[in-house]
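One structure is given below, encoded as structure tokens.
Just so you know, all these numbers are worked out from the coordinates, no wet-lab data involved. As the structure is a prediction and not an experimental result, all values here were calculated from the model. Quick reminder, even Gly has a Cβ in these numbers, built from the backbone with ideal geometry, and neighbours come from all protein chains shown.
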Amino acid sequence: MSPLTASILWALLLLIAWRWRPPQAATLSAWVLIIAFGALGACALWFDYFVHPEPQAFTFWKPTVVYWTLTAIMSIVPPLGGGYPAKIILGNYFALSNREWRWINRGFALLCAVLGGVNLVAASEASYKDWEGFKFSCMVLLLTIVLFRLNFVWLPILAEVSIHLYRRATAAYRYLSRLFSS
Amino acid sequence: MIPAERKPDHIAQLVWPGQRSELVTLAATGKSGGAGEIFSIEGRPEFVAKIYHATTSQAVLAKYRHKIQWMVEHKPALPEIPAEYQDIVQLAWPEALILRRSRFVGFAMRKITFDRTLELDYLLNRRQAAQEGFDADYGKLLTVCFNLASVINCLHERRIAIVDLKPMNVKVHKAELYVSILDCDGFHIDTEEFRHDAPQVTPEYLAPEFQDKAVTHPEAQDSFALATIIFRLLNYGIHPFTGVASDHNTYPLELAGRIKQGLYPYGKVAHESVRKVPASVHEAFPDDLRQLFDRAFAAPGYSRPSVREWVDVLSIYASKRSGQISPCEKGHLRFSDRPCPTCLREALIKGAEVRRRSFVARMQAAPARTLKYVRRTLRQTHSSPFQAALAQAQLFTFRQLAPPAPITTRNAIALEILWISGLLIGLWWAR
């Protein structure tokens, strides 16, 4: 799939997301994350389309940029009364108190700060292979979050969509049966 | 132009026993089988002609001629039937050779009136039999079994065996209950002056010792096939080697494999690895019949009951005077002093129907139940006692928050699209 096709599909999905957006007002955390990741996404598209090859310094800094951006968001937004970004990133399927979410948010911010720093150290000091290894081990962290999300959010959604489709199919079958039997 | 039915190909010579011959005209009936096509014979309405396909090689035709010639001259004596039923044909036995331009092309046999008969296959399903105008009960079925066994016994006495004995090859007279056996030209003949093999077999009715092998003892094969047919007739079409396996990995999918391994679950002693089909009524059969079935299916080939034994036992049940068949409270015929198989079957079917309806109701309610569960999961509004207890006790750090404003599935999908977009952007930056 070409980058252009992928971008168009992505834009379409975002359009669907906009159309199906929840009626409730988004929290400050949500807005900040949307704006920050929108900017990061636009930047990613810019580099994919127009900058070949990537400057080496940018490649080294990339993971640090995203980790420290997250650290910044998770550190700045809660004191402003905008909720806890960690709640949006991890998913609010666990019924935890605000106090508990505060500590999770802090821990997550600290972890991202450390990962961003370690990335710089690994990029400059370690071998290229070790740096690659570090980056992939960080992705395991993301995978854990994805698995939680898959189990607690995506599967229930999939079940609900399947049931909806099943009902539609059953209704269509009954309708067609009546149509052909009469 | 010569009309189709008057073409020279349709003029044939019938050669009766004693070499008496006559010229006849054949007319196509539109019925054909694997070996030949059936024609009616003008001026001889009580006969039909079987003409072998034109593709049959001369060598094969020569063998057929040899066999049919012998059969025409050696018609076996069959069980006697009352004078008023003399028109019933118990065996579609070749009665005359048919020659065309002096070359053998087929044979003539007595016509079986299909209007008065139905295939034995239909009797394996009571509803199907009823649709064909045959109201099956145990009295009639046992009579049919007895008549079939009697005809086969007469053949065996002349050292003739059917080999490919199966319900499709047998017709039953609906009112008189006599049977007609078709495809006689495929029989095995082993007399002192003549011998001809029958290579055609049907695996579902083939004895275990002949599975994947040539049939070396045709009478033993007939005994096995007859026992299988009788079992199926009396047990609502259930094949004696249909069962429920405890280990599905080693249970053959096809009946032939189960026959070969002797996986017969209806014996008086239960089989170790196969259970009976729940709808089976074999336990309502009398002991002598069950012993015969056990010997036919669960014992080695040499102890299999002969057709003669079947005739002897079935003659008792087929005779009204024996008193071995009597009506139950509901008026169904059953084996005397045994539970009524018809009532047993009805109870089993009714139980199965109740279970089926309950299952269907559960299945129909399942989507709604699941939807409710999923919605509660999405909205975090589970009201299970476990969660309620957690919320009240405050024992752990997990507790229920005030339920958030309900969101629909579409809203949830929209949020997940945004989340996945963020994830992909994060991955691009982190890699």
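Go through region B:166-176 residue by residue and turn each phi into a ³J(HN,Hα) via Karplus (6.51, -1.76, 1.60, θ = phi - 60°); whole Hz please, and just put x for glycine and proline.
The phi angles translate into 7, x, 5, 8, 10, 10, 10, 6, 4, 8, 8 Hz.
Averaging over every viewing direction, what projected area does the convex hull of the Cα atoms of region B:23-103 cover, in nm²?
Its Cα hull, projected and averaged over all orientations, spans 6.6 nm².
Exposure proxy check: A:Trp131, B:Trp16 ranked by fewest other beta carbons within 10 Å?
B:Trp16, A:Trp131
Pop out the ³J(HN,Hα) list for region B:357-367 in order, Karplus 6.51 cos²θ - 1.76 cosθ + 1.60 with θ = phi - 60°, rounded to Hz; leave Gly and Pro as x.
3J(HN,Hα) across region B:357-367, in whole Hz: 5, 4, 5, 4, 4, 5, 5, 5, 7, 4, x.
Which whole number gives the average count of other chain Cβ atoms within 10 Å of the Cβ atoms across peptide A:147-160?
The per-residue average across the peptide is 4.
For chain A, modelled as a Gaussian network with Cα springs under 10 Å, which listed residue fluctuates most, A:Arg106, A:Arg21, A:Arg167?
A:Arg167
Filter A:Lys87/A:Lys135; B:Lys50/B:Lys213; B:Lys213/B:Lys260; B:Lys166/B:Lys276; B:Lys31/B:Lys111; B:Lys166/B:Lys320 down to the pairs with a C-alpha to C-alpha distance above 21 Å, please.
Cα-Cα > 21 Å for A:Lys87/A:Lys135; B:Lys50/B:Lys213; B:Lys166/B:Lys276; B:Lys166/B:Lys320; rest within.
Taking the Cα centre of chain B as origin, work out the dipole magnitude from +1 charges on Lys and Arg Cβ and -1 charges on Asp and Glu Cβ, in debye rounded to 20.
Numbers: 55 positive and 45 negative charges, 479 e Å.
The dipole of chain B has a size of about 2300 debye.
How large are Rg and Dmax for region B:113-346 when calculated on the C-alpha trace, in angstrom?
Considering region B:113-346 through its Cα atoms, Rg and Dmax are 17.3, 56 Å.
Among residues other than B:Gln86 whose Cβ falls under 13 Å from its Cβ, what is the net charge (Lys/Arg +1, Asp/Glu -1)?
Here the charged neighbours net out to -4.
What are the residues whose amide H is under 5 Å from the amide H of B:Ala96, where those residues sit 5 or more places off or on another chain and H is modelled from the backbone?
B:Ala108
Amide H of B:Arg275 versus every other amide H placed in the peptide plane: which residues, excluding those fewer than 5 positions away on the same chain, fall under 5 Å?
It is B:Val244, B:Ala245, B:Ser246, by chain and number.
Roughly what angle does helix B:138-157 make with the longest principal axis of chain B, taking Cα atoms, 0 to 90 degrees, to the nearest 10?
Rounded to the nearest ten degrees, it is 50.
Among B:Thr370, B:Gly301, B:Val15, pick out the residue whose Cα is farthest towards the positive end of the charge dipole of the protein assembly as shown, where Lys and Arg carry +1 and Asp and Glu carry -1 on C-beta, about the Cα centre.
B:Thr370
What is the Cα centroid distance between region B:95-126 and region B:168-238, reported in whole angstrom?
Using only Cα atoms, the two centres lie 17 Å from each other.
Of the GluC sites (Glu not before Pro) in region B:110-202, which ones lie in a loop per DSSP and count no more than 11 other C-beta atoms within 10 Å?
Within region B:110-202, the qualifying GluC sites (Glu not before Pro) (loop, at most 11 other Cβ atoms within 10 Å) are B:Glu192, B:Glu193.
Note down, for region A:35-181, the three equivalent ellipsoid semi-axes (square root of 5 times each alpha carbon gyration tensor eigenvalue), biggest first, whole angstrom.
Taking √(5λ) for each Cα gyration eigenvalue gives 41, 23, 15 Å.
How do B:Thr202, B:Thr250 rank when sorted from fewest to most other Cβ atoms within 10 Å of their own Cβ?
B:Thr250, B:Thr202
Rounded to two decimals, what is the ratio between the C-alpha radius of gyration of the protein assembly as shown and 2.2 N^0.38 Å?
Against the compact-globule rule of thumb, the ratio is 1.61.
Averaging over all projection directions, find the projected area of the Cα convex hull of region B:124-254 and quote it in nm² with one decimal place.
Spelled out: convex hull of the Cα atoms, projected over all directions, averaged, 9.2 nm².
Per q in 0.13 1/Å, what log10 I(q)/I(0) does a Debye calculation on the alpha-carbon atoms of region B:55-96 return?
Taken in order of the listed q values, log10 I(q)/I(0) reads -0.41.
Using each residue's phi in region B:288-303, evaluate 6.51 cos²θ - 1.76 cosθ + 1.60 at θ = phi - 60° and report the 3J(HN,Hα) Karplus result to the nearest Hz, with x for Gly and Pro.
After applying 6.51 cos²θ - 1.76 cosθ + 1.60, I find 5, 5, 5, 5, 5, 4, 4, 5, 6, 10, 10, 10, x, x, 5, 9 Hz.
Among B:Asn147, A:Thr27, A:Ile8, flag the residue with its Cα farthest along the positive direction of the charge dipole of the protein assembly as shown, charges on Cβ as +1 for Lys/Arg and -1 for Asp/Glu.
Value computed over the given set: A:Thr27.
Looking at region B:212-319, which GluC sites (Glu not before Pro) are in a loop (DSSP not H, G, I, E or B) and have at most 14 other Cβ atoms within 10 Å?
Listed in order of number, the matching sites are B:Glu254, B:Glu272.
What Cys residues in the protein assembly as shown are without a partner cysteine, judged by a Cβ distance under 4.7 Å?
A:Cys43, A:Cys112, A:Cys138, B:Cys145, B:Cys154, B:Cys184
With a cut-off of at most 12 other beta carbons within 10 Å, and DSSP calling the residue loop, which chymotrypsin sites (Phe, Trp or Tyr not before Pro) in region B:282-355 qualify? Please list them.
Answer by residue number: there is no such site.
Which cross-chain or sequence-distant (5 or more) residues have an amide H under 5 Å from the amide H of B:Lys166, H modelled 1.01 Å from N in plane?
none
Over all directions, average the projected area of the Cα convex hull of chain B and note it in nm².
39.1 nm²
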